[in-house]
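Engineer: Have a look at this one.
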Amino acid sequence: MKRFLSFAFILCFAFSLNAQQARQDFKVNRCMSASNYYAYPGPQQKVYTPAPAGYTPFYISHYGRHGSRYLIGAKAYDLPYFTLLKADSLNELTPTGKDLLKKLRIIRDEAMNRDGELTLLGARQHKEIAARMYKNFPQVFEGKTNIDAKSTIVIRCILSMENELQQLLVENPQLQIRHDASMHDMYYLNFEDDSLFKQRFSGNTRAVLNAFVKKHDHYERVMREIFKNDDYWQHHLNASRLNRDLFSLASNMQSTDLKDSISLYNLFNDDEVYNNWLMNNAYYYVEYGACPWNGGNQPYSQRNLLRNIIHQADSCIVLKHPGATLRFGHDTMVMPLTCLLDLDGMGLQESDFDKLPADGWCDYKIF
C-alpha cells in the first residue's frame, strides 16, 4: 500500500508540473501565449538528432507555414480602435484608456491595407530556415540538384517561398529551382473539407466549448482599466469581444515593425494572459485536433497533404540525387497534419479542455 501511495503521489506531482508548464512559459516569455501569432523563434535545441547508424540524409520533404504576418481583416484593427474612439468622445476613457487609444491609432495606421500580409520578420524567418537547411544538410543541396517548390495562392505564402528560395540560391547558385503557386495544387496545400468541417461543432461540442469559455472569459478588470464607468462597458459595447480583440493585437505585435516600441501585453495580468490563451487553445483543439466531442476526425482534413508527402517521397527516393520538395502553406494545415501524424502524441483525445496543457497539447508549441 505504501508503494502504491508513493507512486500515486509522484504521478499527481508530475501531472501538476505539466499543467503549470504553460503558465511558466508565459512568465518567461508572454509572446508564447500568442498561439498562432507566436513569432517563430527557430529551433531551440543546440544539437540535432543524428541519423540512425548506417543512414545519411539525402532528401528533404518540407511543409512550412508562412512567416509572421499582420492580422487578417480590417475589423481586427477597426473594431477596438473605433470602440475606444467613441468612448473617448463621450469622456468615458481613463488615462490608461486614452493611452491605449493612442497606441491603437499607431498600430492601425501601420497595418493599413496590409490585410494578412507577410511582415519583414516573416520574410527573415524563411531566409533563416533556408540557411539552416543548407548548413545542416549540405549533401541534399550539392551541385545542380533540383528543388521543387510550391505555394498556396495566398501572397504571404508565395513571399515566404520566394524568400526561402532566394536564400538557397545565395548558398548555392547552381540549384535548379522550379517554383509555382496555382489552384492546381490547392487540393493538398490548403484543402478545406466542407463536409468534415461541418462536424466541428456537432452534438454537444459547441455547448461544451461555450461552457469552457464562460469559465475562463475574465475581462472585468481590464475593462475597468480602460473605462471610467462600469455601466458603459457593461451596456454599451461587447466587452468580451473587445477583450479578445485587444489580446489578439497584443499577441500580434511581436510580428510587426512596432514590436520594439509598442506593447499591449501590459494590459493583462498573468492570470488573464493564461485564460485568454486557454480559450484559444481549446478552440484550436476543437477545430484541428482529435477532439472526442466532435468525433476526433478533424486531423483527416490533411489526408491529401499526407498522401502527397508519401507519393512524392516514393518517387524521389529512387532518384540518384533527389534534392528537396518544398511546400508553403498555413498553420491551419500544419496543426492538423501534426495531429494526424501523432507527432509527440499530439493526436491525443481529451474531453476535458482544462487538461490539455497537462497533456502537453499547447498550440504555440505545435505551430
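Engineer: Identify all residues within region 50-93 that are within 19 Å of the chain's Cα centre (by Cα), farther than 14 Å from Met112 by Cα and not in a loop (DSSP other than H, G, I, E, B); write none if there are none.
Structural biologist: Selection gives His62, Tyr63, Gly64, Arg65.
Engineer: Here is a follow-up. Taking Lys320 as the residue in question, decide whether it is of a type in the set (Lys, Arg) and touching a residue at least 60 places away in the same chain (Cβ under 8 Å).
Structural biologist: No.
Engineer: Here is a list: Asp342, Asp354, Asp359. Which entry is open to solvent by 40 Å² or more (accessible area, probe 1.4 Å) and on the phi > 0 side of the Ramachandran plot?
Structural biologist: Sole residue among the options that is open to solvent by 40 Å² or more (accessible area, probe 1.4 Å) and on the phi > 0 side of the Ramachandran plot: Asp342.
Engineer: Determine the pairs where a residue that is at negative phi, located within region 89-102, has a partner that is β-branched (Val, Ile, Thr) and open to solvent by less than 60 Å² (accessible area, probe 1.4 Å) with Cβ atoms under 8 Å apart, the partner being 6 or more residues away or on another chain.
Structural biologist: Sorted first by the residue in region 89-102, then by its partner, the pairs are Leu93/Ile226; Thr94/Ile226; Thr96/Ile226; Gly97/Ile226; Leu100/Ile226.
Engineer: Now for a different question. Which residue, of Thr119, Thr94, is open to solvent by 10 Å² or more (accessible area, probe 1.4 Å), in contact with a strand residue (DSSP E or B) (Cβ under 8 Å, 6 or more places away or on another chain) and of a type in the set (Ser, Thr, Tyr)?
Structural biologist: Answer to the selection: Thr94.
For (1) within 27 Å of His179 (Cα to Cα); (2) not in a helix (DSSP H, G or I), each residue gets a yes or a no:
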| residue | (1), (2) |
| --- | --- |
| Leu278 | no, no |
| Ala282 | no, no |
| Glu287 | no, no |
| Gly296 | no, yes |
| Pro299 | no, no |
| Ile310 | yes, no |
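Engineer: Can I ask one more? So in region 133-147, with the set limited to residues that are open to solvent by 30 Å² or more (accessible area, probe 1.4 Å) and not in a loop (DSSP other than H, G, I, E, B), which one is farthest from Tyr59 (Cα to Cα)?
Structural biologist: Taking the candidates together, the pick is Lys135.
Engineer: Of all residues in region 178-200 being part of a loop (DSSP other than H, G, I, E, B) and over 21 Å from the mean Cα position of the chain (by Cα), which is nearest to Gly323 (Cα to Cα)?
Structural biologist: The extreme case among them is Ser182.
Engineer: Okay, next question. Please work out which one of (1) basic (Lys, Arg); (2) assigned to a helix (DSSP H, G or I); (3) in contact with a Ser or Thr (Cβ under 9 Å, 6 or more places away or on another chain) is the condition Lys150 fails and give its number.
Structural biologist: For Lys150, the failing item is (2).
Engineer: Scan region 211-264 residue by residue and report those that are of a type outside the set (D, E, K, R), assigned to a helix (DSSP H, G or I), more than 20 Å from the chain's Cα centre (by Cα) and closer than 16 Å to Asn275 by Cβ.
Structural biologist: Of everything in region 211-264, those that are of a type outside the set (D, E, K, R), assigned to a helix (DSSP H, G or I), more than 20 Å from the chain's Cα centre (by Cα) and closer than 16 Å to Asn275 by Cβ turn out to be Ala211, Phe212, His216, Val222, Met223, Ala239, Ser240, Leu242.
Engineer: Select, from Phe227, Phe191, Phe197, the only residue that is surrounded by 12 or more Cβ atoms within 10 Å (Cβ to Cβ), touching a helix residue (DSSP H, G or I) at 6+ places or on another chain (Cβ under 6 Å) and within 30 Å of Asp148 (Cβ to Cβ).
Structural biologist: Phe191
Engineer: Select from region 257-304 the residues that are open to solvent by 10 Å² or more (accessible area, probe 1.4 Å), of a type in the set (Ser, Thr, Tyr) and farther than 19 Å from Ile226 by Cβ and list them in ascending order.
Structural biologist: Ser261, Tyr274, Tyr283, Tyr284, Tyr288, Tyr300, listed by residue number.
Engineer: Select from region 107-116 the residues that are open to solvent by 50 Å² or more (accessible area, probe 1.4 Å) and charged (D, E, K, R) and list them in ascending order.
Structural biologist: Asp109, Arg114, Asp115 - these are the residues of region 107-116 that are open to solvent by 50 Å² or more (accessible area, probe 1.4 Å) and charged (D, E, K, R).
Engineer: Can you confirm whether Ser248 is of a type in the set (Gly, Ala, Ser) and touching a residue at least 60 places away in the same chain (Cβ under 8 Å)?
Structural biologist: Yes.
Engineer: From the list Glu128, Glu162, exactly one residue is in contact (Cβ under 8 Å) with a residue 24 or more places away in the chain, farther than 30 Å from Leu242 by Cα and open to solvent by 30 Å² or more (accessible area, probe 1.4 Å). Which is it?
Structural biologist: Glu128
Engineer: Please verify whether Ala34 is open to solvent by less than 50 Å² (accessible area, probe 1.4 Å), at pLDDT below 85 and over 29 Å from Asp148 (Cα atoms), treating the condition exactly as stated.
Structural biologist: Judged against the criteria, Ala34 is not a match.
Engineer: Keeping to region 1-31, report how many residues are at pLDDT 85 or above and small (Gly, Ala, Ser).
Structural biologist: Qualifying residue count for the region: 1.
Engineer: Could you list, in sequence order, all residues of region 315-357 that are farther than 27 Å from Arg156 by Cβ, modelled with pLDDT of 95 or more and assigned to a helix (DSSP H, G or I)?
Structural biologist: Gly345, Phe353, Asp354, Lys355, Leu356, Pro357
Engineer: On to the next question. Which condition number does Thr152 fail, the rest of (1) under 11 Å from Lys127 (Cα atoms); (2) open to solvent by less than 40 Å² (accessible area, probe 1.4 Å) being met?
Structural biologist: (1)
The values are calculated or read from the model by the stated rules, or taken from the named source; none is laboratory data. Just so you know, these numbers come straight off a predicted model, no measurement behind them. Note that we place each Cβ from the backbone using ideal geometry, even for glycine, and neighbour counts take in every protein chain shown. Quick note on the areas: whole protein, heavy atoms, side chains included, nothing else; ligands and nucleic acids left out. Shrake-Rupley method; radii C 1.70, N 1.55, O 1.52, S 1.80 Å.
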